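The structure appears below as structure tokens.
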Amino acid sequence: MRLMMMHLLKPEAARWTPDQQITVGTGPLPRSVIDEASFIETSLLTAEEQDLLRPRLCDAEARAETDRCFFKSHDAYRFNREGIPIHGASPGQVALYLVRDPRDIALSLATFWNWSPDRTVSFMNDPEGDLQGIPKHFSKQIFQKTQDWSSHVTSWLDQDAVPTLLIRYEDLLASPAEWLTRALEFLKIRVAPDDVDRTIAFTDFGRLQREELEHGFSERFKPEIPFFRRAEPGEGRALLDRDLVASLERAHGLMMDRLGYPRDREAAAMTAP
């Protein structure tokens, strides 16, 4: 989605290659950027203190933008101890919330972070989950609390402060023109139909894979592990161990039902008392 917005809104994106930074949707996450802006060494702050600083930086960045300001976020929707939303309180905020089958997330994330599937599922099931326990990457970013998968989804979908458009990854993959158009209408961005078609061509998964193979990708977690790995819905159900599938479904079955992700009845039967 960030690549789609970049290709739509920035004419120079036609020359973008994956070894370059994505220029839409960064936001105040890198410590180096925050330290420079705040004159504070954030690595010395507690998580609670970082939560006090971050909304101020989000709002300051939003005020500095002359047009639209896009933030990428891994956080659950939450508040700091002063009762301020962690993403700031700038007027006119809206959110695109992208969700994916948690079984597919587990398989993809395990590969991306070079973790075992067991460790990844435990992370996704942890109500106190955050990204600071993942060294050499998120240690360079400000504190981000994810909670468990269901709690993360609930925090965004059930809040009423920020209008939110839910986009399932599977739907975006199957009907990119339809869902990109929905996102643009939700964001009140007008573009020509030809621009939508061009953007979809530039962000085709096969094309991104080929470009990453040639150039690398700036957001790889590890240099040797491709970012654009596979785009196949259902691979988690097919390839994860049955006990891990069952663990995810025990923890998140109600949310999976709500979002239209069918449970694996075979795994459920295997774990029934």
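The values are calculated or read from the model by the stated rules, or taken from the named source; none is laboratory data. Only a predicted model underlies this, so the values are computations on that prediction, with no experimental measurement involved. Please note: Cβ atoms are built from the backbone with ideal geometry, for glycine as well, and neighbour counts cover all protein chains shown. Quick note on the areas: whole protein, heavy atoms, side chains included, nothing else; ligands and nucleic acids left out. Shrake-Rupley method; radii C 1.70, N 1.55, O 1.52, S 1.80 Å.
Name the single residue, out of those in the range 108-132 being assigned to a loop (DSSP other than H, G, I, E, B) and touching a residue at least 12 places away in the same chain (Cβ under 8 Å), that is nearest to the chain's Cα centre (by Cα).
Once the filter is applied, the top-ranked residue is Leu131.
On the basis of being more than 13 Å from Gln144 (Cα to Cα), surrounded by fewer than 13 Cβ atoms within 10 Å (Cβ to Cβ) and hydroxyl-bearing (Ser, Thr, Tyr), does Thr17 make the cut?
The answer is yes for Thr17.
Hey, does the range 190-204 have a residue that's in contact with a Phe, Trp or Tyr (Cβ under 9 Å, 6 or more places away or on another chain) and either within 23 Å of Gln20 (Cβ to Cβ) or at pLDDT below 90 (or both)?
yes
Return the residues of the range 45-62 that are open to solvent by 50 Å² or more (accessible area, probe 1.4 Å) and either among the small types (Gly, Ala, Ser) or part of a loop (DSSP other than H, G, I, E, B) (or both); say none if nothing qualifies.
Hit for the range 45-62 is Thr46, nothing else.
Could you list, in sequence order, all residues of the range 63-77 that are open to solvent by 60 Å² or more (accessible area, probe 1.4 Å) and free of Cβ contacts under 8 Å to residues at least 60 places away in the same chain?
Arg63, Ala64, Glu65, Thr66, Asp67, Phe71
Residues checked against (1) closer than 22 Å to Phe221 by Cβ; (2) of a type in the set (Phe, Trp, Tyr):
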{"position": "Pro18", "(1), (2)": "yes, no"}
{"position": "Gln21", "(1), (2)": "yes, no"}
{"position": "Thr26", "(1), (2)": "yes, no"}
{"position": "Phe39", "(1), (2)": "no, yes"}
{"position": "Thr42", "(1), (2)": "yes, no"}
{"position": "Leu45", "(1), (2)": "no, no"}
{"position": "Arg54", "(1), (2)": "no, no"}
{"position": "Glu61", "(1), (2)": "no, no"}
{"position": "Ala64", "(1), (2)": "no, no"}
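So which pairs qualify, if the first residue must be in the range 85-98 and under 27 Å from Leu259 (Cβ atoms), the second must be among the polar types (S, T, N, Q) and part of a loop (DSSP other than H, G, I, E, B), the Cβ gap must be under 8 Å, and the two must be at least 6 apart or on different chains?
Pairs found: Ile86/Asn80; His87/Ser73; His87/Gln93.
Exactly one condition in (1) modelled with pLDDT of 90 or more; (2) out of contact with any Ser or Thr (no Cβ under 8 Å at 6 or more places or on another chain) is not met by Tyr97; state its number.
Answer for Tyr97: the failing condition is (2).
Keeping to the range 24-44, report how many residues are crowded, with 16+ Cβ neighbours inside 10 Å and under 27 Å from Met5 (Cα atoms).
The number of residues fulfilling the criteria is 8.
Could you count how many residues in the range 89-100 are in contact with a Lys or Arg (Cβ under 9 Å, 6 or more places away or on another chain) and either open to solvent by less than 10 Å² (accessible area, probe 1.4 Å) or among the hydroxyl-bearing types (Ser, Thr, Tyr) (or both)?
2
Check the range 54-67 and report whether any residue there is closer than 17 Å to Ser247 by Cβ, out of contact with any Lys or Arg (no Cβ under 9 Å at 6 or more places or on another chain) and not hydrophobic (A, V, I, L, M, F, W, C).
Within the range 54-67 (the criterion being closer than 17 Å to Ser247 by Cβ, out of contact with any Lys or Arg (no Cβ under 9 Å at 6 or more places or on another chain) and not hydrophobic (A, V, I, L, M, F, W, C)), the answer is no, since none of the residues qualifies.
Can you tell me which residues in the range 143-164 are hydrophobic (A, V, I, L, M, F, W, C), part of a loop (DSSP other than H, G, I, E, B) and open to solvent by less than 40 Å² (accessible area, probe 1.4 Å)?
Correct list: Phe143, Val162.
Within the range 240-266, how many residues turn out to be part of a helix (DSSP H, G or I) and modelled with pLDDT of 90 or more?
18
Out of the range 77-99, which residues are assigned to a loop (DSSP other than H, G, I, E, B), within 24 Å of Met4 (Cβ to Cβ) and under 20 Å from the mean Cα position of the chain (by Cα)?
Once the filter is applied, which keeps residues that are assigned to a loop (DSSP other than H, G, I, E, B), within 24 Å of Met4 (Cβ to Cβ) and under 20 Å from the mean Cα position of the chain (by Cα), the range 77-99 yields Tyr77, His87, Gly88, Gln93, Val94.
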